[in-house]
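What follows is calculated from the coordinates using simple rules that are stated; it is not laboratory data. Just so you know, these numbers come straight off a predicted model, no measurement behind them. So basically every Cβ, Gly included, is an ideal-geometry build from the backbone, and we count neighbours across all protein chains shown.
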Ligand code: HAM
């Protein structure tokens, strides 16, 4: 029979991967605790219209990357391609603004996008993100950006850079788009089919192009920062000053408009060229109209999401485990009963991992396995030990071996 494989673009996380993953997640929870953010989790799927209304109809995500289906009740549902829309939906639905005018939320959730799989790009991936809801002021943007920056540092990621821009208000963006379209039309013969279409549907998306020829054309395109309104410009300048004061280095990137439609004012990304083509570790920005657009009260908000698979590829968080590993080997039916009970008792020890052999293999094989698992101690129980009412404990590092009476075993390890 043919083997069934995993779906293209998905991944298995084996125990070693999960141990590494847990260290990353633990670090994130610690950082979030320090900034006083509360964790939120939303369902894996939502009504499709939540995403089309927020991310935007003419974005790649909504146009071609969503896993959507009609359920038995005739509703169109979609696996979350990102988290912001779902968090905002939950914020409105659970009336979180009634609890506090300022909500600082974070999440670690799977996202699903049907993109072409490649290094660092998956169809199911995990996002750690934050949504800071309730402040229109640049210090909120600065806090969000510094969390993203600090998280990269604390995960042991080196060689990353912060890119930042402001795309102003929707009104000034209209003026900018008008000028951008005028400019691009001059080069329309050299543009790809998708960009030609986007001149009419969503010209800002053309700034995200990965096409070398288009990138060259865009070098001469109008600069969005010359079009933004005075409020957005002031906001941007204050934000940059706050980043300067916190010694967070950045590059202003005039083409950074992001692939989702809900942003205004600040947009930012952290990238690493060690990731190859999929260089963005994290991306975010301000979205002051989204809550209102999804049926809530006008509330300013800013956030980011970090791709955890990408962060994990770059992270060098070593294991700082000080856990003692005790392997229990036994020979014979009576010994296994004794070993089973001892294993349960030893699990009351702090900072210890107890591995009981349950394969009835030879003592030699059990020792081989204990070495393979990097055990610190092997406890041996055989006829001899049963008769004497104790066990033999071998320290695999020092090779010391000694007989210990049953009632002294816990004390031996304490
Ligand atoms: P995004 O830029 O679409 O933004 O995604 C954020 C991050 O998710 C990316 O920088 C990348 O690291 C990771 N990512 C995206 N697609 C994939 C993929 N196919 N495979 C692996 N990793 C991927 C958002 O999702 C916004 N909701 C961020 C945000 C939060 N803005 C405000 N608040």
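One table, with the values for the structure above:
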quantity: Segments 309-318, 260-269, 21-30 sorted - mean Cβ within 10 Å per residue, highest first; calculated: 260-269, 309-318, 21-30
quantity: Hypothetical label at residue 30: residues of segment 291-324 whose amide nitrogen lies under 13 Å (7 Å Cα-Cβ projection); calculated: 317-322
quantity: Potential lengthening between residue 137 and residue 41 on full extension [0.36 nm per residue; Cα-Cα distance subtracted]; calculated: 32.0 nm
quantity: Among 383, 231, 16, residue whose mean-square fluctuation peaks in a GNM of the chain (springs only between Cα atoms under 10 Å); calculated: 383
quantity: Span per principal axis, largest first, for the Cα atoms of segment 131-194 (Å); calculated: 47, 31, 15
quantity: For the chain, built as a Gaussian network whose Cα springs stay under 10 Å, the top-fluctuating residue of 306, 18, 66; calculated: 18
quantity: In degrees, nearest ten, helix 333-346 long axis to first principal axis of the chain (Cα); calculated: 50
quantity: The chain: antiparallel DSSP beta bridges as a percent of all, rounded to 5; calculated: 80
quantity: Among 33, 259, 120: highest mean-square fluctuation, GNM of the chain, C-alpha pairs under 10 Å; calculated: 33
quantity: Nearest-ten-degree value, helix 138-154 long axis tilted from longest Cα axis of the chain; calculated: 40
quantity: Efficiency of FRET from Cβ geometry, residue 17 and residue 362, R₀ 22 Å, rounded to 0.05; calculated: 0.10
quantity: Segment 135-267 - Kirkwood radius from inverse mean 1/r over Cα pairs (Å); calculated: 16.0
quantity: Length gained when the stretch residue 124-residue 246 is fully extended (0.36 nm per residue, less Cα-Cα span); calculated: 40.4 nm
quantity: Segment 1-96 - percent relative contact order, Cα under 8 Å, separation 6 or more; calculated: 24
quantity: Kirkwood Rh, Cα atoms: Rg over Rh of segment 43-125; calculated: 1.01
quantity: Estimated FRET transfer efficiency (residue 238, residue 397; beta-carbon r; R0 56 Å; 0.05); calculated: 0.45
quantity: Exposure proxy ranking, count of Cβ atoms within 10 Å, fewest first, for 322, 201; calculated: 322, 201
quantity: Over the chain: Kirkwood hydrodynamic radius from C-alpha pairwise inverse distances, Å; calculated: 25.0
quantity: Cα→Cβ-extended label distance, 7 Å offset, between residue 349 and residue 230, nm; calculated: 7.2
quantity: Acute angle (nearest 10 degrees) that the helix 230-245 long axis makes with the longest principal axis of the chain, alpha-carbon atoms; calculated: 30
quantity: Protection proxy ranking, peptides 179-186, 49-56, average beta carbon neighbours within 10 Å, highest first; calculated: 49-56, 179-186
quantity: Protection proxy ranking, peptides 246-257, 287-298, 136-147, average beta carbon neighbours within 10 Å, highest first; calculated: 136-147, 287-298, 246-257
quantity: Gap separating the Cα centres of segment 204-234 and segment 154-169, nearest whole Å; calculated: 18
quantity: Taking the chain and dividing mean pair separation by its residue count, relative contact order in percent (alpha carbons under 8 Å, at least six apart); calculated: 15
